[in-house]
Amino acid sequence: MAKSIPDGFHTVTPRLVVADPAKLVQFLKRAFGASGDYAADAPSQMRIGDSIVMVSGAGPRKPMQALLYLYVDDADATYQRALEAGAVSIEEPEEMPYGDRRAMITDPCGNDWQIATYRQT
């Protein structure tokens with residue numbers, strides 16, 4: 001029987017549709033240590049941790065904003081790297097009542113990211 005999900009993908013895979021996909025690919029690499037390369041003729045497949053995020057140009061679709069929740073080893077350091085890579089701060093890192101230390105940024109293409117490190121309570 002043929003596979004219904006490609007290797008490395010999960011059942012749900014975010015796809016970010018932006019006006020400047022090359023810019024977002026570079027941001028993901030600098031801010032979140034993403035691996036993968038910009039693909040002009042197909043969705044760019046960027047690996048962040050154990051997940052793949054697809055990045056596409058608007059083309060026949062309109063760019064659309066997304067909100068993504070990203071778990072990392074160090075929310076404070078990742079938040080700083082995101083700002084240095086061109087993000088705008090929405091919330092500085094702080095402790096959440098549900099056990100996460102979390103910050104929030106908007107990337108250069110208009111997507112919002114909540115950056116969190118889980119701290120057992």
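FYI, it's all coordinate maths here, none of it is from the lab. If you're wondering where the values come from, they're calculated on a predicted model, not measured in any experiment. Cβ atoms come from the backbone with ideal geometry, glycine included; neighbour counts cover every protein chain shown.
Just to be sure I understand, how many residues within the range 87-105 are surrounded by fewer than 16 Cβ atoms within 10 Å (Cβ to Cβ) and part of a loop (DSSP other than H, G, I, E, B)?
So the first thing to find is which residues in the range 87-105 are surrounded by fewer than 16 Cβ atoms within 10 Å (Cβ to Cβ), and the list is 88-92, 94-99.
Retained after the next criterion (residues that are part of a loop (DSSP other than H, G, I, E, B)): 96-99.
Of the residues in that region, 4 qualify.
Please go through the range 69-118 and pick out each residue that is among the small types (G, A, S) and in contact with a strand residue (DSSP E or B) (Cβ under 8 Å, 6 or more places away or on another chain).
Answer for the range 69-118, where residues must be among the small types (G, A, S) and in contact with a strand residue (DSSP E or B) (Cβ under 8 Å, 6 or more places away or on another chain): A75, A82, A87, S89, G99, A103, G110, A116.
Given (1) within 16 Å of V25 (Cβ to Cβ); (2) touching a helix residue (DSSP H, G or I) at 6+ places or on another chain (Cβ under 9 Å), identify the lone condition not met by P93.
(1) is the only condition that P93 fails.
Of all residues in the range 38-54, count the ones that are in contact with a Lys or Arg (Cβ under 9 Å, 6 or more places away or on another chain) and under 26 Å from D76 (Cα atoms).
Final tally of qualifying residues: 3.
Being touching a residue at least 40 places away in the same chain (Cβ under 8 Å), in a loop (DSSP other than H, G, I, E, B), surrounded by 12 or more Cβ atoms within 10 Å (Cβ to Cβ) and not small (G, A, S) is the filter here, so list the residues in the range 41-76 that pass it.
Across the range 41-76, the qualifying residues are P63, M64, Q65, V72, D74.
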